[in-house]
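Every number in this text was worked out from the coordinates using simple rules, so none of it is lab data. Please read all numbers here as calculations on a predicted model, not as lab measurements. Neighbour counts run over all protein chains shown; Cβ positions are idealised from the backbone, glycine included.
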Ligand code: NAP
């Protein structure tokens, strides 16, 4: 078994981002909107703020309580779209249930859409055109595979989970890397026959121990995107790590695998959007 250390790879991505940022007099601006009461989201947003400040970015966090209206968020998005100091806009999902998430995402200027969730960026990715920004978790996973020189081209890759933020964009990126992709979900029949025949398994369901030792062929690369907080407070992935670690060729731990890469990609996307906007102004 070879353990994939996402923390180390993310650290080196962030070091490069910091180095590139130092070259500029003006600093990249990241605006984050937090409109939910979810503890995990609050922790993610605090850590995004801390890391972006450590890179020398100008970050601003807009926190709202549950009395916030759709109109208030819409006018903030318009303001941020127009603000030249803001290069990247992130709406932390999920939003309070009374807010229309899709309408809000579609109002973000695609050139400032740091998560790559706007339909223009999703569409460009699926057409094989360069989006302004590529979704952070899928981008981080591809970087992780490449950092460990894991072959993607021609490999059978099984992606489990078809969400708009992980599974679908990841399938598009892997296809661009010439992988043969199978996208499984909760209605998929006989998941075990698919996992047994895959060269690479990437699981993103939030279903602890979905992937058990009997489903893995020796040498398979196993990437665990899932994060579930147990009642004990422990974070676990989708994969039965302890039983699989000696069968897999490579495996990511949870935490410390894909998670740090998502944040590193977010910071890299912020810098890339800043650079694209500067270039357009030249
Ligand atoms: P989501 O929107 O809830 O989607 C979950 C997907 O998993 C759905 O497509 C669902 O199928 C599929 N699924 C659920 N149970 C399944 C089963 N038993 N067999 C096969 N497929 C099953 O979740 P998400 O936002 O993509 O997140 C997935 C997990 O990744 C969560 O644990 C989340 O916390 C984690 N995550 C981690 C990071 C990171 O940086 N590490 C980033 C994002 C998300 P249907 O479509 O048929 O319902």
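Between the Cα long axis of helix 6-22 and the first principal axis of the chain there is an angle of about 30°, rounded to the nearest 10.
Sorting 202-215, 136-149 by their mean Cβ neighbour count within 10 Å, with the most densely packed peptide first, gives 136-149, 202-215. Restricting the calculation to alpha carbons of region 212-258 gives Rg and Dmax of 10.7, 32 angstrom.
The Cα-based radius of gyration and maximum Cα-Cα distance (Dmax) for the chain are 18.9, 57 Å. Ranked by the mean number of other Cβ atoms within 10 Å of their residues, highest first, the peptides 226-235, 244-253, 264-273 come out as 264-273, 244-253, 226-235. For region 131-248, the convex hull spanned by the alpha carbon atoms encloses 113 Å³ per residue. Among rounded, prolate and oblate, which fits region 1-131 when a ≥ b ≥ c are the square roots of the eigenvalues of its C-alpha gyration tensor, a/c under 1.5 means rounded, and a/b larger than b/c means prolate? Rounded shape, in that the Cα axes give a/c under 1.5.
The alpha-carbon atoms of region 138-182, seen along their principal axes, cover 26, 19, 16 angstrom, with the largest extent given first.
Distance from the C-alpha centroid of region 166-205 to that of region 103-147: 19 Å, rounded to the whole angstrom.
Seen against the Cα atoms of the chain and their longest principal axis, helix 70-82 is set at about 80 degrees. Taking a ≥ b ≥ c as the square roots of the Cα gyration tensor eigenvalues, with a/c under 1.5 meaning rounded and otherwise prolate when a/b beats b/c, else oblate, which class fits region 48-196? Because a/c hits 1.5 or more and a/b exceeds b/c, region 48-196 counts as prolate.
Would you mind checking the tilt of helix 167-176 against the longest principal axis of the Cα atoms of the chain, expressed as 0 to 90 degrees and rounded to 10? Here the helix axis deviates by roughly 80 degrees. Per the Debye formula on identical point scatterers at the alpha carbon atoms of region 24-80, with no solvent, log10 I(q)/I(0) at q = 0.15, 0.29 Å⁻¹ is -0.50, -1.16.
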